[in-house]
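Read the figures in this text as sums done on the coordinates, not as results from a lab. As the structure is a computational prediction, the values presented were derived from the model and not from experiment. As a convention, Cβ positions derive from the backbone with ideal geometry for all residues, glycine included, and neighbour counts pool all protein chains shown.
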Ligand code: DGL
C-alpha cells in the first residue's frame, strides 16, 4: 500500500481556512495540509478555463506532497473545476486518489433546513454563473425553487479585514435584500463561499430570524467523517498525527498575519510555486 499522507484542503486564498478550522475540530487526529493560492486569488471573477487550470495545478501539487484525499474548500473551484478533475484528470493522474468538493454536502442539507422549499444561494459571480447549486438542488430535490445572488464585494471586504465595519453593512444589506425580494418565500440561505461565515453577524442582521443560514464548515466536517467511515480504504491512506501544515503561493509573513482571522491555532507556513 502507498504511504499514508495528510488530508489536503485547498482554497483560492484564506477563506478555506474557515472550512479547515471546522474539519480539524471534527477530526483532530488526522494530519492536514492547507494550500492557499493567495498569489492568484480571487478565483470568483475568473473564467471557467482559468479556474480549472489553477485548481488542477493545486491538485497535482497536493498529491505530490503526499495527500491521497483533497477537499476543494473553494466553492468557485468546486463549481468550475471539480467535475472535470474527477472525470478527466484523476483517471490519468491516479485513479485511487480522490478530490471532493463542498457543494454536494451543502446541498444534501437543504431538505432538513427548509420547510417552504424555497432556497437562496449567496456566492461569487463564478459560482452563481456556473449554476452548480441550482443543478445539484434540482438533481436531489426537484420540487425546490432556487434563487441566487452574486456578492462580488463580500470577499474583498473579508480579505481586507473590513467585515466587522460599518462599510460592509451597505453591501450585505444590498445583496440580502435583493435575494429576498427575488423570492419572499425563501426560508433557507446557503452561504456558498468560504469567506461568508465571517460576515454572518451582519448577514443575520438583515435576514428575518426564521430564515435558516447554511454554513459549510461544520457540514463539510460532518460529511468528511461520514465519507471516511464509508471508505475505510481511504481512511487507511490518511495519516493520523494531528499535524496541520500550511502552504501559500504568496508571502509567508502576509499569510501568517491574515490567516489568524480565519483559523484558530498555530500557523506554520511555507511558500510554494504551482
Ligand atoms: N474561496 C472562494 C469561494 O469559496 C472565494 C474567494 C475567491 O473568489 O477566490 O468561492
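Within a 10 angstrom radius of the beta carbon, how do 249, 194, 145 rank from fewest other beta carbons to most? Show your work: numbers first, answer last.
On the way: 249 22, 194 31, 145 16.
Fewest-to-most Cβ neighbours within 10 Å comes out as 145, 249, 194.
If you take the Cα atoms of the stretch 219-274, find Rg, then find the Kirkwood Rh from the mean of 1/r over all pairs, what is Rg/Rh? Don't skip to the end; give the middle numbers.
Numbers: Rg = 14.7 Å, Rh = 13.6 Å.
Value, to two decimals: 1.08.
Per the helix-only calculation at 222 nm, which mean residue ellipticity applies to the chain, given -39500 (n - 2.57) for every DSSP H run of n ≥ 4 and division by its residues, nearest 500 deg cm²/dmol? Provide the component values of the computation, followed by the final result.
Values: 14 runs with 122 residues, N = 274.
That calculation yields -12500 deg cm²/dmol at 222 nm.
In degrees between 0 and 90, to the nearest 10, how far off the longest principal axis of the chain does helix 252-262 point, with axes built from Cα atoms?
50
Using alpha carbon centroids, what distance separates the stretch 197-211 and the stretch 214-274, in Å?
26
For the stretch 119-195, just the Cα set please: Rg and Dmax, both in angstrom.
Values for the stretch 119-195 (Cα only, Rg and Dmax): 13.0, 39 Å.
If you take the C-alpha gyration tensor of the stretch 1-83, multiply each eigenvalue by 5 and take the square root, what semi-axes do you get, largest first, in whole Å?
On the way: eigenvalues 95, 45, 19 Å².
After diagonalising the Cα gyration tensor, the semi-axes are 22, 15, 10 Å.
Cα axis of helix 16-26 to longest principal axis of the chain: angle in degrees, 0 to 90, nearest 10?
The angle comes out at about 70 degrees.
In what sequence do 19, 220 fall when counting other Cβ within 10 Å, fewest first? Spell out each step's value before the answer.
Working: 19 31, 220 26.
Ranked by crowding around the Cβ, least crowded first: 220, 19.
How far is helix 167-182 tilted, in degrees, relative to the longest principal axis of the Cα atoms in the chain, given as a value from 0 to 90 rounded to the nearest 10?
70
Can you sort 262, 171 by how many other beta carbons sit within 10 Å, fewest first?
On the way: 262 23, 171 18.
Fewest-to-most ranking of 262, 171: 171, 262.
Starting from the Cα gyration tensor of the stretch 142-231, multiply each eigenvalue by 5, take the square root, and state the resulting semi-axes largest first in whole Å.
Values: eigenvalues 122, 72, 23 Å².
Computed over the stretch 142-231, the values are 25, 19, 11 Å.
At q = 0.18, 0.21 Å⁻¹, what is the base-10 log of I(q)/I(0) for the stretch 181-260 according to the Debye formula with one equal point scatterer per Cα and no solvent? Please give it to two decimals.
Scattering profile of the stretch 181-260, log10 relative to I(0): -0.98, -1.06.
Taking every pair of alpha-carbon atoms in the stretch 81-166, what share in percent sits in each 10 Å bin, from 0 to the bin with the longest distance?
Going out from 0 Å in 10 Å bins, the stretch 81-166 shows 15, 35, 31, 18, 2 percent.
Tell me, Kirkwood radius of the chain from alpha-carbon pair distances, in Å? Before the final figure, lay out each step's value.
Numbers: mean 1/r = 0.0534 Å⁻¹.
With all distinct Cα pairs of the chain included, I get 18.7 Å.
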